[in-house]
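What follows draws every value from the coordinates through simple rules; no lab data is involved. Keep in mind that this is a model prediction, so the values were computed, not measured. Virtual Cβ from ideal backbone geometry, glycine too; neighbours counted across all protein chains shown.
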Amino acid sequence: MSYDTVIELRKLVRYYTMGDETVKALDSVDLDIGRGEYVSIVGPSGSGKTTLFNLIGGLDKPTEGNVFIDGVDISQLDAYELAWLRCRKIGYIFQSFNLIQVLTALENVALPTVFAGTPHDEGLKKAEKLLASVGLGKRIHHRPSELSAGQQQRVAIARALANDPAIILADEPTGNLDLQTGIEIIDLLHGLNKMKGLTLVAATHDLKMIKASDRIVWMRDGQIEKIERG
Amino acid sequence: MSGEKRMVYFTVRDAYRLGIGYIRRRFQRTAINVASIALANSFLTSLILTDLFYATYNKFQGGSIGVDAYQYWLVAVALIVSVVGITNAMLISVYERYREIGTMKCIGALDQHILMLFLIESIIQGAAGGVIGFIFGVVAAIVSSGFTTGFDIILKIPAISLLGYLLGTTFLSVMLSIIASIYPAWRASKLPPVEALSYEL
């Protein structure tokens, strides 16, 4: 087990039962992702991208097999440890941003720091800095409904960074954005990956995102079809 | 992941802060819950106080008027209706916030944090409804019994006993609000994050 590997998937299987039918969303997936690597997960819808995203992120439990994050098998973690992992180790970015609508940009970004136990003022200060770093320094008191899609995704990226995670998981981060905004978001993510050494795992359809990545994992029918160097 | 203690934090103060945010910015739904509690409590308060006014009147003026017992049954029904109404409103509020609950779990919230968030909101609503209802109840009692007992009857009631009723009925309102919210809050807290995140309203 190398310490440079941050995510290890071993014989990962996830079945869903729909009535009498068993759907094999993931069927024996093995994958190692290195620290600081930028990996795109690509495949048609229903190929298991989102299931993989959920399993790596500790949002769902595998039917069989293991997910190791920093050498720790996350299926062995209790609810507290799992919450800690989601809070401190992993930052999530979604296609539909998933910001808390009643909170301002600043409060949204500061929310993960609350769960990390950061003092209130310190968390707000950090959130302000992060928002400035994603280019939203002037709109910190706006609520999501008052921001454009691209700006909302920037807030979501800042939120994902709030507790200095080792891993950023992104599920179709440019899926709801126009071309130009999408390019800006990709540049932002790519920059974070390169400059901060963040491990970036993105499920995507977006060719521009795929091109920027170090490795491309092609999924089909719940299995890895092929892995390409970017 | 070694060495460091793996803990997540969400204090009552954090929940209060967030709860106030929800209440302020989703004011309409909150207002309906508060109004429901306030209505029930004003009914209860006005009945209790009318009873008290009549008793005081009887004592000082030697009358023999009273409140019919069946009216207390009506109040009990009003309280139950209010509880059911709040449960319904809170369930809708949980559905509306499915994605947000999933998101909160992604950034470190435990089940009990979600539970606490919803319960604190219901406590705030219950307390607000209780106090508002009490004020309306006092006014209603004075107006309805004043013509019989004289409007200065309120002056003959010791302030301490009014305060007692305020605290008592507000406490009852908070309890009712909590009872009404336990099931919705519990459902919200048990949501698996994946399901909550993929929910389309």
Within the range A:128-143, does at least one residue satisfy the condition of being in contact with a Ser or Thr (Cβ under 6 Å, 6 or more places away or on another chain) and either closer than 21 Å to B:HIS113 by Cβ or within 14 Å of chain B (Cβ to nearest Cβ) (or both)? yes
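Residue-wise test of (1) in contact (Cβ under 8 Å) with a residue 40 or more places away in the chain; (2) over 22 Å from the mean Cα position of the chain (by Cα); (3) within 12 Å of another protein chain (Cβ to nearest Cβ).
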| residue | (1), (2), (3) |
| --- | --- |
| B:MET7 | no, yes, yes |
| B:ILE23 | yes, no, yes |
| B:LYS59 | no, yes, no |
| B:GLU100 | no, yes, yes |
| B:THR103 | yes, yes, yes |
In a helix (DSSP H, G or I), in contact (Cβ under 8 Å) with a residue 24 or more places away in the chain, under 22 Å from B:GLY19 (Cβ atoms) and within 14 Å of chain A (Cβ to nearest Cβ): does that describe B:SER189? yes
Kindly indicate whether any position in the range A:115-122 is within 11 Å of another protein chain (Cβ to nearest Cβ) and buried (at least 23 other Cβ atoms within 10 Å of the Cβ). yes
Among the residues that make up the range A:69-86, is at least one of them assigned to a strand (DSSP E or B), in contact with a Pro (Cβ under 8 Å, 6 or more places away or on another chain) and touching a residue at least 60 places away in the same chain (Cβ under 8 Å)? no
Scan B:ASP111, B:ASP152 and give me the residue that is closer than 19 Å to B:THR50 by Cβ and charged (D, E, K, R). B:ASP152
Per-region count, the range A:189-215, residues of a type in the set (A, V, I, L, M, F, W, C) and at positive phi: 0
Taking the range A:58-94 and keeping only residues that are more than 7 Å from every other protein chain (Cβ to nearest Cβ), within 18 Å of the chain's Cα centre (by Cα) and over 21 Å from A:LEU26 (Cα atoms), one is left with A:LEU82, A:LEU85, A:ARG88, A:LYS89, A:ILE90, A:GLY91, A:ILE93
Taking the conditions exactly as written (in a helix (DSSP H, G or I), more than 7 Å from every other protein chain (Cβ to nearest Cβ), under 14 Å from A:ASP171 (Cβ atoms) and not aromatic (Phe, Trp, Tyr)), does A:LEU55 satisfy them or not? yes
The number of residues in the range A:189-230 that are without any contact (Cβ under 8 Å) to a residue 60 or more places away in the chain and in contact with a Gly (Cβ under 8 Å, 6 or more places away or on another chain) is 3
Hits in the range B:169-191 (condition: more than 21 Å from B:ILE135 (Cα to Cα) and surrounded by fewer than 14 Cβ atoms within 10 Å (Cβ to Cβ)): B:TYR183, B:LYS190
Filtering helices (runs of 4 or more DSSP H) wholly in the range A:100-192 for at least 1 residues that are in contact with a Cys (Cβ under 6 Å, 6 or more places away or on another chain) gives A:105-115
